[in-house]
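Peer 1: Dropping the structure in here first, questions after.
Quick note: the coordinates plus some simple rules give every number you see, no bench work behind them. These numbers come from a predicted model, not from an experiment. Cβ placement follows ideal geometry from the backbone for every residue including glycine, while neighbour counts extend to all protein chains displayed.
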Amino acid sequence: MSDPIKIERFTGMSNLEESGELFVGEGVAQPRIILNSDVTKSGNLVKRDGYTQVVALTEPHSLWSGDTCMLCVSEGGLYQIEGTTATSRGIVGNDTLYYAEVGNLIYLSSKSYTGIFDPVSGTISSWGIELPNGPMLTSANGNLDAGIYHVCMTAESDGEISGNGPISQITLSSEGGISISNRGADDLIWATDPNSDIFYRIGKTDAIVNVPSVEPLPSLFCFPTPYLTNLCHAFGRMWGSVGNKVYYSDPFKWAWWKKGTSFFEFATDITMIAKTKTGLFIGATDRTHCLLGTKPEEMQNLDVGAGAIPGTLAYCNNIIELGDTISPPEKKHESVPVWVSEEGIVAGNPVGRLFSLSQGKVKFNPGNVGASLYRQKNGDFQFLTSFPKGGEQDGIGMSDDATIEVIRNGKVI
């Protein structure tokens, strides 16, 4: 008859130990594999909850929850989830949708769509104003001095103006004015002084008889919001990616984008944009970078770690000190970005360093895309992540080889 094994507490699993030893101390067990259980702070094993279908939707994705609402996408439509009810709010397309909550509004963007959702009214409005056409100019009577003038138009909607449309040029050989033949009802005219390059507001008029050099055009060379992925609101700007570029809006003008100049370019496609109080972590397919600083022109680009897995970012609270020498060890950090990298689960701190939460304990195949969330359960911090595919093991999810064998065969071979 075998003697009973006394286990006083568990320390969690470590599948990197090849020795097969269960105990790491007297009465302290560290199994190689733990399935469907959590280890509490006191070292007890607690069975994980199952799951219950609350809302029935067809192949839902892009689930997001903020301070004001919970949203997801199903069959190309945006759904607002309240309790056990999912209400259709409009068509957004079936690409992965990204969200940024600013005040009481939710900014939406994907590879093929942009919009702004108001959770109070349940309506979607456009994000930005389309650029008007270039003005068609002819000379007319007026008080303008002879010279070369440049003229453009901006569209106006609800007191906001767009970037400028194409710029037209006209030369007055003598004193006169300028007539515009194609101005829309909501278009504003802007013009330069003769032989100058600063555009000033003329107004909603079809004729320019003088140029009051008072109000320069603030949205010069700005475009409407591009189709962005990895949306992020930080430092008074909106940030998002297109391919291997990270674009940023004008400060506090989230519909004005200088696409020709306001961007950072990386070697490979962007997979994540995560904010801290002092900068941004930019995940790409090959590496992760930190743009340290809060103003684009002052940001330092640091290479800080392995590439980030798209969809795995979550902001976690009550995280212990992560090597920030200016804070005491007992300090808990809020809104800490945590994600899955090619090397495991990592957290980023405000000075641009990454800290592994799994390396040395757990090795797994993260797959190419995932989803994550943060929660507090019974006083314990939990970062939950899931993948539709783990490496080459279809349907298994994030697992190491030994765990896969347990799932399939009930034992490790």
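Peer 1: Based on a Kirkwood Rh over C-alpha pairs, give the Stokes-Einstein translational diffusion coefficient of segment 197-294 at 25 °C and viscosity 0.890 mPa s in µm²/s.
Peer 2: Using the Kirkwood radius from Cα pairs, D works out to 162 µm²/s.
Peer 1: Give me the compactness ratio for segment 137-208, meaning the Cα radius of gyration over 2.2 N^0.38 Å.
Peer 2: For segment 137-208, the normalised Cα radius of gyration is 1.06.
Peer 1: Counting pairwise Cα distances across segment 70-178, what percent come out greater than 25 angstrom?
Peer 2: Cα-Cα pairs in segment 70-178 separated by more than 25 Å: 46 percent.
Peer 1: Sticking with this structure for a sec: Got a sec? How would Trp254, Trp239 order by Cβ neighbour count within 10 Å, fewest to most?
Peer 2: In increasing order of surrounding Cβ atoms, one gets Trp254, Trp239.
Peer 1: A further question follows. Can you work out D for segment 82-121 in µm² s⁻¹ from Stokes-Einstein, where Rh is the Kirkwood radius over C-alpha pairs, the temperature is 10 °C and the viscosity is 1.306 mPa s?
Peer 2: Once the numbers are plugged in, D ends up at 142 µm²/s.
Peer 1: Run the Debye formula on the Cα coordinates of segment 129-264, all scatterers equal and no solvent, and tell me log10 I(q)/I(0) at q = 0.11 1/Å.
Peer 2: Per q value, in the given order, log10 I(q)/I(0) is -0.44.
Peer 1: Turning to a different aspect of this structure: Which of Cys69, Cys222 has the fewest other C-beta atoms within 10 Å, and how do the rest follow up to the most?
Peer 2: Starting with the residue having the fewest Cβ neighbours, the order is Cys69, Cys222.
Peer 1: Under the 0.36 nm per residue contour assumption, what length would be gained going from the current alpha-carbon distance of Ile320 and Asn195 to full extension?
Peer 2: Result: 38.9 nm gained on full extension.
Peer 1: Now, a different point. Using only Cα positions of segment 1-128, each an equal point scatterer, no hydration layer, compute I(q)/I(0) via Debye at q = 0.09, 0.13, 0.22 Å⁻¹ and quote the log10 values to two decimals.
Peer 2: The Cα Debye sum returns log10 ratios of -0.49, -0.68, -1.20.
Peer 1: Taking neighbour counts of Cβ atoms within 10 Å as a proxy for exposure, in what order, fewest first, do His289, His333 appear?
Peer 2: With the fewest neighbours first, His289, His333 line up as His333, His289.
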